[in-house]
Every structure is written in C-alpha cells, then in structure tokens.
Amino acid sequence: MAAYLSRLHHISLHVSNVDKVAHELVSRFQFNVFAARLTDRAKQLALRRGSAVFVVNERLNERQSRGWSSVRDRRELNCLYGAHAHYPVDTVSNVCFEVEDVQRASAELRDRGVCEFLQPPTEVTDDCGRVTFSIIRSPVGNVCHTLIDRSRYRGLFLPGFHQVQTDSETAGHSQCPITHFDHITFACPRSCTAHITRWYRDTFGFRRFFIDRNEDVDEGYVLNHNGIGLRLTAMEYWNSSESGITLPFKDEKEPDCKFVIAESLPEQGRNQVDTFLDQHRGAGIQHIGLYTEDIVRTAHTLSLSGVQFFSPPPAYYTEVGKQDEIVAAGHDPHTLSQYGILLDTDLYTDRRITDGQRYLLQVFTKPIFGEDTFFLELIERRGATGFGEGNIRALWRSVQAYMEKEEHRETERQDKQSTPS
Ligand SMILES: O=C(O)C(=O)Cc1ccc(O)cc1
Ligand SMILES: [Fe+2]
C-alpha cells in the first residue's frame, strides 16, 4: 500500500546565500518571512505567500560557525527537516508532505523496499509540542521528500523555528493574490519518465493525468518537431477525502499536489532541459507554478518590484486566432503582452472559451539563481486543469531564445578573456 499523504507542507531550497535568496523572495515575489532557525551550522528561513511556504536553507561553513566539537553536535546542527548532503549549486530539492503517522508510513515504505531513507523517523520537540519526520530520496536527481506529522504541534511552524514578525510593508493579498503551489515540474534525462511515474504511484499513490486529449498512456505528451524536443508526463495526488484545493473559479477543486516530468528528447538538438541538467549537475526541480487569483495584477505588482518575465515574440499577441481567443476570454492583448502572459484554452476538455470559459493564463520568470536552472511561474486557471499546448510552445521558444543569448554572451566573455590585449 502507498503511504497516505495529507497535503504539501513546504518546499525547501538549499542555497549558498540564504539572505540573498530570501531577500529576492521578499522584495520581489512579496513572500513574508514568518519563522527562522539559526544555529552554528545552519540558517533556515521560512517564507509564506498564501499557503505556499518555502524554507530557504544555508549550511554555514566552518569559518562562519563558531566551532563545534562532537559528532552528535554536527548531526544536530545541520538543516533541520532537510537532507544533509551538500549540493554544488543552489537548488530546490525537498518537497515536504504532511502525513498522519510518520512511523507507520515509513515502516510500510521500508517493508516494501521501494524507498531509500535519508533520515529515519525522528522526533523534535519544543515548548509547543512535538513533530515526527523522516526523509526519503526521490528517483529524481537530488530531490527528496520529508514526511512530517505535526498534529501534536501547536506552534506557528515547526519545532526549532522561532516566530519572525512579518514585514507589513509587503503588498497585501489584493495586489498579489498568490494562494498556493499549483504544480512542481522536474527536469529529467532521457528515458527516466516511466521509472519516476511508477515510483510516485507505488510510493504515494500519485495518478497520471493527461495534458492532451491525444496523449498516449505510455508515451506521455510528446512535442518533437519544429525545434521542440520534449516529453511531458503529469501526475496528481488527491488525499483520500478527495477534498482537494478549492479554486475561486466556479468552486472547482484542484488536486493536493501535481508533478510534471519534463524529459528532453534528442532529435531536435540541445534544449532547455539539457541546459538545466548541465547547470544543475543532474535532474531536479526545474520550476514551480504559483497559483494566483489574478495573474495580471500579480504580474504587474511583481514587475514593479523588479521580477523579470520571459516574453513570447510580439507576434504572439497579434496573431488573429490568439487575439480573438484573448479578447473572448475578456482580456486585453496589449495588457497581457506587457508582462509576457500566455493564454490557452484547455485542449484536453476541449470546451472552448465561448461556451465553457475554460482557459488558463501563465507567465514564467527568468531564472532565480546564478545558474540557468530554477525559475517560477504564475498561473491562473479559469476552469482549465492541464497545460495548454500553445503556452508550452510559446514558453519553450522564449526560454530557448534566452538561453541561446546567454550562451552566446558567455562565449563572447570567454573569447575576450582569452584574447591577449
Ligand atoms: O507549461 C507548464 O507550466 C509546464 O510545467 C510544462 C513545461 C515543462 C517544462 C518546460 O521546459 C516547458 C513546459
Ligand atoms: Fe509549469
């Protein structure tokens, strides 16, 4: 039996400069720091926007730390609730789920032999109660999952963290209505998808869902022409009550967690998934979709605070079909073009805007870290549950153009350095 998950609790980032990344999430993405943990060996900040919680972790090196002696100290002082392994570049690596009973879930997974444990069930307590957690490795690169039971904890976040007064200057919900994590997308090498989907099915009970009506159960959604070489496979998790996350649009429900696997296909040449795999030094979390109730207002707020978005070619907004689609959905092509927002009807349910009002809007940020790896996405769903083919193509092209420009810049920089003056 698969381990029963209650809900996604938080997502962890492991970075070389926690203050820099937290500042970016606060000043640009309007997250609020609400809890912190500082020890000799680690600095951990918890940030929130709606129910989307990031924990940003930095392991302090020996120079920064004030000295520790025993092995016991060393274990205790690492990033609590995260895996201890050092990673060479900034990375988003832990998706933490709440479970009802960590001991039982861990024992079941161990008995079935499908999981490698990075941390056996461990109890942490403070004045507000106790939590139990364990950590398992995912088959996706450096990704791991903390399973946590906080039902016996009354504190604000997790034991070991203290409350941080929230900065009231950040924009309120009305300017930046991000409510939760919509989906998490993995970048994976060739031929890994089947193994990953099987693992998530057997371990947690994730189920496949189809991005496109014509998608093959085994092949996934394959885009393999006109320069795009991509296999997308999506899976979703509903907890057993099937209550899901309530969306504002027509009281529709969304699953408790959605993963998308992006696998690069070789025929069309080197692409953005390959770039991620190179620069990230392996498979991992490529982007996270943040759900917003109003993408235009959110993109406006974030762009004023300095967030940069990918834009499709200007022709995207003037193509007759696309322009009609945007106007029919009640949006203004010029406004969407200001922020690079893409609009697509839900091809899988195939209910056109005019009769079903089913569409989705997406916009993608430039990479967040020093490398061309992880980025964020804003997504507003108007009844559409999947991902639009048009948006995927437009995103692919704009990321591809950006990466080619970056690589060209890097070659020029290297050429200049090697030319004697
Ligand atoms: O469209 C989305 O939001 C996805 O998550 C699908 C996707 C995944 C990876 C890419 O490099 C491009 C598109
Ligand atoms: Fe996405």
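With a threshold of 28 Å on the Cα-Cα distance, the over-threshold entries among LYS43/LYS253; LYS366/LYS416; LYS43/LYS416 are LYS43/LYS253; LYS43/LYS416.
Our helix-only sum for the chain, with -39,500 (n - 2.57) per DSSP H run of n ≥ 4 divided by its residues, gives a mean residue ellipticity at 222 nm of -7500 deg cm²/dmol. Note: relative contact order over the range 216-326, using C-alpha pairs below 8 Å and six or more positions apart, is 18 percent. Computed over protein heavy atoms with a 1.4 Å probe, the carbon and sulfur contribution to the accessible area of the chain reaches 47%. Look at the dipole of the chain built from charges on Cβ: of ALA262, VAL21, TYR153, the Cα furthest out on the positive end belongs to TYR153. Rounded to the nearest 10 degrees, the angle from helix 102-112 to the longest Cα principal axis of the chain is 70 degrees. Measuring from each cysteine beta-carbon in the chain, the ones with no other cysteine beta-carbon under 4.7 angstrom are CYS79, CYS96, CYS115, CYS128, CYS144, CYS176, CYS257. Each Cα pair under 8 Å and six or more residues apart adds its sequence gap; the mean of these over the residue count of the chain is a relative contact order of 15 percent.
How large is the Rg to Rh ratio of the range 90-190 when both quantities use alpha carbon positions and Rh follows Kirkwood? For the range 90-190, the value is 1.04. Among ASP111, ASP149, ASP101, the largest mean-square fluctuation in a Gaussian network model of the chain (Cα springs under 10 Å) belongs to ASP111. Determine the relative contact order of the range 114-245: mean sequence separation of Cα pairs under 8 Å and six or more apart, normalised by residue count, in whole percent. Across the range 114-245, relative contact order equals 15 percent. Note on exposure: THR197, THR365 ranked by accessible area (1.4 Å probe, complete protein assembly) read THR197, THR365, with the most exposed listed first.
When the Gaussian network model of the chain links Cα atoms closer than 10 Å, the mean-square fluctuations of SER16, SER174, SER27 top out at SER174. Spatial offset of the range 19-35 relative to the range 371-421 amounts to 23 Å, using the alpha carbon center of each. In degrees between 0 and 90, to the nearest 10, how far off the longest principal axis of the chain does helix 295-304 point, with axes built from Cα atoms? Tilt of helix 295-304: around 70 degrees.
Filter the trypsin sites (Lys or Arg not before Pro) in the range 114-203 down to the DSSP loop ones having no more than 15 other Cβ atoms within 10 Å, then list what survives. Let's see the in-between values first.
Values: sites: ARG130, ARG137, ARG150, ARG152, ARG154, ARG190, ARG198, ARG201; in loops: ARG150, ARG152, ARG154, ARG190.
Those satisfying the criteria are ARG152, ARG154, ARG190.
Comparing CYS188, CYS128, CYS176 in a Gaussian network model of the chain (Cα springs below 10 Å), the most mobile by mean-square fluctuation is CYS128.
For ILE285, neighbours were defined as the other residues whose beta-carbon sits under 15 Å from its Cβ, and their charges (Lys and Arg +1, Asp and Glu -1) total -3. Residues in the chain average 44 Å² of solvent-accessible surface per residue, probe 1.4 Å, ligands and nucleic acids excluded.
The values are calculated or read from the model by the stated rules, or taken from the named source; none is laboratory data. For clarity, every value in this text was computed on a predicted model and none was experimentally measured. Note that we place each Cβ from the backbone using ideal geometry, even for glycine, and neighbour counts take in every protein chain shown. In case anyone asks, the SASA skips ligands and DNA or RNA and just uses the protein heavy atoms, side chains included. Shrake-Rupley method; radii C 1.70, N 1.55, O 1.52, S 1.80 Å.
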